[in-house]
Amino acid sequence: PRTVALIVAAGQGRRAGGETPKQFRIVAGKPVIVHAVERLAALVDAIHLVVGADQEGEVRRLLSERQIASFTMGADSRRGSVRAGLEAIAQSGGADIVLIHDAARPFLPREVVGRLLTALDEAAGAIPVLPVADTLVRGSDGAMGGTVDRAELHRVQTPQAFRFAAILDAHRAWNDAEEATDDAQILRRSGHDVILVQGDERLAKLTFPEDFSRAEAMLPRSTR
Ligand code: C5P
């Protein structure tokens, strides 16, 4: 099957602090987005990238045309950015399988992709998840409410793997007024099952300032 990756990098990354959006910050000697592209390049047939309007020049400088099949302008929301990228893939000949990935996750263990692709034999979608280690409680105004059973909760990562036609249809059918922080919920809404596979702590998304030093410590060791 023809497997492509869609990397979304059009966010501003405000929670990470600093002037530079997190996907362009240098970690272990390279911009975060370059790590993400290099990891995926070894595993897929083509990589499509979604970038912010003000970032295209920088991205083209960092990554060669040879590495990237298409550059698409992002939207105000992650969901809108993914939709734009899926349409770009459709226009450039489509695919059988798409891995939708955040640029802000610089390390991608190959085994995770293996688990995702195997799961797609059984379902139109598969996502990597991790268990929740801490106790979870509801609370408001500093007062504790009920405890939530953590055994049935998972932390969701990317890449998320989909049969391309199914996720494209699901995105086209989604109500634009509603937000979605990942694509698996969009696929589920259109009636498909999504399989959970084991994620990996090394896939953690860089969101807050302290995430960068953790990634720095992890990347050189894990590339050996
Ligand atoms: O903001 P968040 O951490 O959820 O972003 C996850 C990924 O989605 C990042 O790689 C970010 O660049 C991308 N994104 C996007 N377009 C947006 C918002 C986020 O491509 N409007």
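Each value in this text was obtained by applying a stated rule to the coordinates, not by laboratory testing. This one's a predicted model, so the numbers in the text were calculated from it and none came from an experiment. All Cβ positions, glycine included, derive from the backbone under ideal geometry; neighbour counts span all protein chains shown.
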Self-check item: Dipole axis of the chain (+1 Lys, Arg; -1 Asp, Glu on Cβ), positive-most option in Ala177, Gly139, Ser77
Solution: Ser77
Quiz item: Between Glu19 and Glu56, what length comes free when the chain is fully extended (0.36 nm per residue of separation minus the Cα-Cα distance, one decimal in nm)?
Solution: 11.6 nm
Quiz item: How many angstrom separate the Cα center of segment 27-100 from the Cα center of segment 168-224?
Solution: 15
Quiz item: Between Ser92 and Ser190, 0.36 nm times their residue separation minus their Cα-Cα distance comes to what?
Solution: 32.9 nm
Quiz prompt | Ranked by how many other beta carbons lie within 10 Å on average, peptides 115-127, 143-155, 205-217 from highest | solution = 115-127, 205-217, 143-155
Quiz item: Given Cα pairs under 8 Å that are at least 6 residues apart, what percent is the relative contact order of the chain?
Solution: 25
Quiz item: Stretched out fully, how many nm does the piece from Thr147 to Ala173 gain, at 0.36 nm a residue minus the Cα gap?
Solution: 5.8 nm
Quiz item: How would you classify segment 111-224 from its alpha-carbon gyration tensor, with a ≥ b ≥ c the square roots of the eigenvalues: rounded for a/c under 1.5, else prolate if a/b is greater than b/c, otherwise oblate?
Solution: oblate
Quiz prompt | Cα-projected label distance for Arg155 with Ala180, points at 7 Å along beta-carbon direction, nm | solution = 2.4
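For the chain, what does the alpha-carbon gyration tensor say about shape, rounded, prolate or oblate, given a ≥ b ≥ c as the root eigenvalues, a/c under 1.5 as rounded, and a/b over b/c as prolate? Can you show the working numbers first?
Numbers: a/c = 1.41, a/b = 1.12, b/c = 1.26.
It is rounded, given that a/c, with a ≥ b ≥ c, falls under 1.5.
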Practice problem: Consider a paramagnetic label point 7 Å from the Cα of Asp76 along Cα→Cβ; state which residues of segment 29-64 have an amide N under 19 Å from it. | Solution: 51-55
